[in-house]
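The values are calculated or read from the model by the stated rules, or taken from the named source; none is laboratory data. As the structure is a computational prediction, the values presented were derived from the model and not from experiment. Cβ placement follows ideal geometry from the backbone for every residue including glycine, while neighbour counts extend to all protein chains displayed. Surface accessibility is based on the protein's heavy atoms, side chains included, excluding ligands, DNA and RNA. Shrake-Rupley method; radii C 1.70, N 1.55, O 1.52, S 1.80 Å.
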Amino acid sequence: MAEEDKNGAAEGLPPPPPVPPDFTPAKSEPEPVKKKAALRLPMARRGLGNKGQKIQILTNHFKVNVTNVDGHFYHYSVALFYEDGRPVDGKGVGRKVLDRVHETYDTELAGKDFAYDGEKSLFTIGALPRNKMEFTVVLEDVTSNRNNGNSSPAADEGPNESDRKRLRRPYQSKSFKVEISFAAKIPMQAIANALRGQESENSQEALRVLDIILRQHAAKQGCLLVRQSFFHNDPKNFVDVGGGVLGCRGFHSSFRTTQSGLSLNIDVSTTMIIQPGPVVDFLIANQNAKDPFTLDWAKAKRMLKNLRVKTSPTNQEYKITGLSERSCKEQTFTLKQKGKDGEGDEITVYDYFVNHRNIDLRYSADLPCINVGKPKRPTYFPIELCNLVSLQRYTKSLSTFQRSSLVEKSRQKPQERMQVLSNALKINKYDAEPLLRACGISISSNFTQVEGRVLSPPKLKTGGDDFVPRNGRWNFNNKRLVDPTKIERWAVVNFSARCNIQGLISDLIKCGKMKGIMVEDPFDVFEESPQFRRAPPLVRVEKMFEEVQSRLPGAPKFLLCLLPERKNCDIYGPWKRKNLAEFGIVTQCIAPTRVNDQYITNVLLKINAKLGGLNSMLTVEHAPAIPMVSKVPTIILGMDVSHGSPGQSDVPSIAAVVSSRQWPSISRYRASVRTQSPKVEMIDNLFKRASDTEDEGIMREALLDFYVSSGKRKPEHIIIFRDGVSESQFNQVLNIELDQIIEACKFLDEKWSPKFTVIIAQKNHHTKFFQPGDPNNVPPGTIIDNKVCHPRNYDFYLCAHAGMIGTTRPTHYHVLYDEIGFSPDDLQELVHNLSYVYQRSTTAISVVAPICYAHLAATQMGQWMKFEDTSETSSSRGGVTNAGPVTVPQLPKLEEKVSSSMFFC
């Protein structure tokens with residue numbers, strides 16, 4: 001069951017309205033039916049693989065026993081209203097209200113426990129006494145961010161009266177009306193059916209109920225909940241990643257159906273939270289300022305909106321709505337004196353707190369106040385009295401520095417991770433959860449043991465001899481590349497990087513010679529003119545190109561570009577775009593900090609691949625002896641979609657499809673990249689009919705290139721590797737994307753019907769593997785296709801790479817469709833082999849190379865978009881206008897000379 005997509009469709013829908021007796025349905029005009037093949041469904045497992053050396057492995061799945069399978073879960077819809085009948089829209093109130101219903105109306109509810117999802121659904125074991133029930137409950141001080149609406153805290157009280165008093169007043173309590181109505185009945189038997197491989201809507205719902213019970217259990221312990229993960233408020237779990245942001249370590253837990261029964265998958269999980277404590281400390285860290293007086297308050301206001309603070313000395317909790325226009329010692333409000341009618345006195349916030357409340361303010365006088373009131377009726381607090389509450393999520397995307405800091409600080413060695421997970425089971429006390437007990441559920445505290453197999457690494461071919469990589473790695477010391485190119489007609493451009501360029505060039509020439517690459521002397525080194533160093537990126541690139549064009553006799557074949565900072569600097573995108581889209585020049589960017597032989601070798605590997613060479617290949621590919629692939633023309637596709645970062649809703653998503661070329665090779669690829677609507681996961685440009693004879697889609701490009709580069713052969717087999725889709729989207733890949741690919745083939749030739757194999761690769765799951773009694777990660781080539789895999793579907797886990805740091809994350813491959821007819825061993829072998837053909841590195845990688853390449857191509861071309869002039873689309877940037885969705889700007893096409901190159905390498 002998909003993790004991300006569980007909160008999808010029919011959650012808590014009321015029953016449909018009754019049909020009136022005299023109703024006659026209107027007849028709709030039938031649309032002309034296009035004959036559609038039956039829906040494809042994910043295929044069943046074809047058996048298990050046998051190759052490889054057997055190995056015992058532990059995994060973070062804990063066996064679950066279920067004894068009560070005869071009962072039913074009852075699903076009820078929950079609706080909450082204020083006493084004036086307005087629906088409650090705020091998050092976070094629901095759980096408090098339903099806890100109160102549970103306490104107050106225990107007998108009316110026949111003493112039943114709830115599993116409540118915090119929003120609109122509630123589940124019980126067995127039915128409640130009635131199908132529709134209404135309750136009224138009163139909560140004291142429910143959202144402490146609403147105070148009584150006066151213009152400043154406690155403004156209606158005498159100066160010596162404590163705020164505490166206000167809380168006991170009637171207006172601080174709120175009544176709620178709660179409606180609970182029957183929605184559906186789910187047999188627990190469905191769980192048993194799912195374990196036999198008969199999954200249904202019911203079994204997914206039943207497992208969802210179990211997951212909701214776990215979430216509720218965590219919520220009762222005061223955890224922050226993020227989908228299926230929860231985070232305790234314990235500073236031991238926090239790591240500072242800079243910028244006022246902390247990584248908070250918690251746990252993921254979800255019930256999974258597996259071949260060996262139901263299991264609870266528990267893993268370590270990390271989310272980002274705002275640094276709790278004084279608001280000012282957070283802002284200084286967030287803006288990297290030296291003190292509160294140099295803060296950018298416009299930025300601070302955006303950052304703070306909707307965060308929750310506790311104010312001292314009363315420890316009341318509020319939600320920040322904004323900042324005051326003026327500083328604390330200038331911002332005034334009206335102080336009504338107790339027992340006196342009339343206007344009251346104008347007083348500054350500073351005066352009020354210092355003189356009326358006798359609170360010493362050290363630095364707030366010249367800073368804005370925090371507003372926790374309504375826009376029309378503000379409520380101000382001096383900033384130093386406000387502390388950010390713990391466990392508030394930080395949802396913006398992390399900077400490169402924060403991300404690397406997080407990775408470094410949150411990695412755990414396998415043994416450490418096992419220890420943490422064992423403790424998690426103890427801390428969580430699932431045996432004490434009444435609903436789990438009522439389902440007859442008990443959870444084992446032992447890691448499940450599975451049998452894995454370690455596949456032998458494939459033999460690789462270089463320019464000299466063949467060799468077998470050891471521990472998933474090899475090097476090119478004293479080895480020639482299998483197909484080296486020539487680096488000729490080239491030049492160096494330097495965007496103000498400080499480095500010994502002549503030394504770098506002679507190292508390239510010397511190192512290239514040893515690898516078999518003939519590197520000519522460069523035509524020239526173009527240094528950026530100092531006057532443009534501060535210019536915008538587009539201008540710097542433009543000026544550099546004018547310089548190159550004026551001094552070179554003709555177009556260069558290759559440009560080596562030295563960037564001033566790391567790879568992610570602003571020049572990168574515009575530079576690549578100019579070279580690849582406008583001029584068709586292959587280019588390699590480097591930001592050399594320390595240059596040694598290994599660095600130079602890595603740069604040469606990338607240049608060689610970009611210029612059409614090949615660094616190493618599989619011996620079986622050369623022979624050619626790959627089962628099902630070498631005998632029949634076969635194209636291999638890698639497909640991926642990359643989305644803008646979490647905060648950006650209007651950045652187009654980028655779909656990339658890489659395809660193999662020059663069959664029988666499976667090491668050479670090209671890429672086609674397109675933009676599409678933001679956050680859309682399905683690729684919508686695979687087939688794009690422009691007229692009766694024209695298809696502008698991605699597949700046509702890939703198929704024509706294969707045909708031309710493979711000696712005028714059409715592929716008879718098409719193997720698709722698709723990244724980044726969750727289980728709930730498998731059917732869309734099989735029915736929407738595969739249909740487009742078939743249409744693109746038919747459009748080229750009506751009579752041509754190739755056979756397809758479709759494989760999904762997933763990295764964002766939570767299954768990990770450990771070697772019992774061994775502190776190291778599982779060896780590269782470890783494959784698992786039993787016990788913790790799906791009861792019916794065809795899936796397997798593969799750790800192709802050697803995990804050097806932290807705990808290896810296996811790739812979870814799902815074979816959805818296989819008309820080609822691979823045996824399990826042949827298919828697993830092919831996937832393993834494809835982890836060894838990645839031209840950029842001398843290691844096996846964790847996921848097949850075509851998917852890695854698709855990811856690289858999408859990321860690189862995403863950089864092209866960053867500096868687009870968005871003026872023509874900016875009018876509609878505000879979101880969807882009535883005229884329809886925002887138009888997605890298209891990426892420029894690659895220039896013909898480089899359109900089939902491995903420019904992404």
Item to check | Cα-based equivalent ellipsoid, segment 717-815: semi-axes from gyration tensor eigenvalues, Å | outcome: 34, 13, 11
Checklist entry - Any idea what diffusion coefficient segment 639-736 gets from Stokes-Einstein, in µm²/s, Kirkwood Rh on alpha carbon pairs, 37 °C, 0.692 mPa s? => result 221
Item to check | Pairs of lysines in segment 576-696 (C-alpha under 26 Å apart; 8 or more residues apart or interchain) | outcome: 6
Checklist entry - Given 0.36 nm per residue, what is the gain on full extension from residue 716 to residue 619 after removing their alpha carbon distance, in nm? => result 32.6 nm
Next on the checklist: Rounded to two decimals, what is the ratio between the C-alpha radius of gyration of the chain and 2.2 N^0.38 Å?
Outcome noted: 1.08
Next on the checklist: Give me a comma-separated list of calculated 3J(HN,Hα) values for segment 536-551, in order, Karplus coefficients 6.51, -1.76, 1.60 applied at θ = phi - 60°, integers in Hz, x for any Gly or Pro.
Outcome noted: x, x, 4, 5, 4, 5, 4, 5, 4, 5, 4, 4, 4, 5, 6, 9
Item to check | Alpha carbon centroid spacing (whole Å) that separates segment 438-503 from segment 220-268 | outcome: 31
Checklist outcome for this item: Computed over all unlike Cα pairs, the Kirkwood hydrodynamic radius of segment 168-260 in Å stands at 16.9
Next on the checklist: I'd like the antiparallel share, as a percent to the nearest 5, of DSSP beta bridges with both residues in the chain.
Outcome noted: 80
Checklist entry - Which value, in Å to one decimal place, does the Kirkwood hydrodynamic radius take for segment 815-870 when every pair of different Cα atoms is included? => result 13.6
Checklist outcome for this item: The set of residues whose placed amide H lies less than 5 Å from the amide H of residue 902, leaving out same-chain residues fewer than 5 positions away, is 612
Item to check | Using a Förster distance of 35 Å, the FRET efficiency for residue 317-residue 498 (Cβ separation, nearest 0.05) | outcome: 0.10
Checklist entry - residue 179 to residue 392: FRET efficiency via 1/(1 + (r/R0)^6), r the Cβ-Cβ distance, R0 25 Å, to the nearest 0.05? => result 0.20
Checklist entry - Can you give the three extents of the C-alpha atoms in segment 277-389 along their principal axes, from longest to shortest, in whole Å? => result 48, 25, 25
Checklist entry - Given the Cα-Cα distance of residue 444 and residue 409 and 0.36 nm per residue of separation, how much length would full extension add, in nm? => result 9.6 nm
Item to check | Distance-filtered residues of segment 656-693 - backbone nitrogen under 20 Å, label point 7 angstrom along residue 704 Cα→Cβ | outcome: 656-663, 669-675, 684-693
Checklist outcome for this item: For residue 650 and residue 226, extending 7 Å from Cα along the Cα-Cβ vector and measuring point to point gives, in nm, a value of 2.7
Checklist entry - Taking the simple approach of a point 7 Å from Cα along Cα-to-Cβ for both residue 732 and residue 236, what is their distance in nm? => result 4.2
Item to check | Separation of the residue 525 and residue 325 label points, Cα + 7 Å toward Cβ, nm | outcome: 5.9
Checklist entry - How much accessible area does residue 431 have with a 1.4 Å probe, in Å² rounded to the nearest 10? => result 120
Item to check | the chain: calculated mean residue ellipticity at 222 nm from DSSP helix runs of at least 4, using -39500 (n - 2.57) | outcome: -6500 deg cm²/dmol
Item to check | Within segment 517-533, backbone nitrogen closer than 20 Å to the virtual label 7 Å beyond the Cα of residue 489 toward Cβ | outcome: 517-526
Checklist entry - Here are some pairs, 63/429; 120/174; 290/319; which of them have Cα atoms lying more than 25 Å apart in this structure? => result 290/319
Checklist entry - With r defined as the distance between the Cβ atoms of residue 419 and residue 53 and R0 fixed at 25 Å, what FRET efficiency is calculated, to the nearest 0.05? => result 0.35
Checklist entry - How large, in Å, is segment 484-611 by the Kirkwood hydrodynamic radius built from its alpha-carbon pairs? => result 14.8
Checklist entry - What are the semi-axes of the equivalent ellipsoid for segment 232-294, taken as the square roots of 5 times the Cα gyration tensor eigenvalues, largest first, in whole Å? => result 38, 9, 7
Checklist entry - Which residues does a label at residue 355 reach in segment 382-410, if reach means a backbone N under 20 Å from a point 7 Å past the Cα toward the Cβ? => result 382-383
Checklist entry - What is the packing order of peptides 124-131, 594-601, taking the mean over residues of other C-beta atoms within 10 Å and listing the highest first? => result 124-131, 594-601
Next on the checklist: Give me the extension gain from residue 189 to residue 127: residue separation times 0.36 nm, minus the current Cα-Cα distance, reported in nm with one decimal.
Outcome noted: 20.7 nm
Checklist entry - If you count, for each residue, the other Cβ atoms within 10 Å and average over each peptide, how do 305-315, 613-623 line up from highest to lowest? => result 613-623, 305-315
Item to check | DSSP beta bridges in segment 484-611 [antiparallel fraction, %, rounded to 5] | outcome: 0
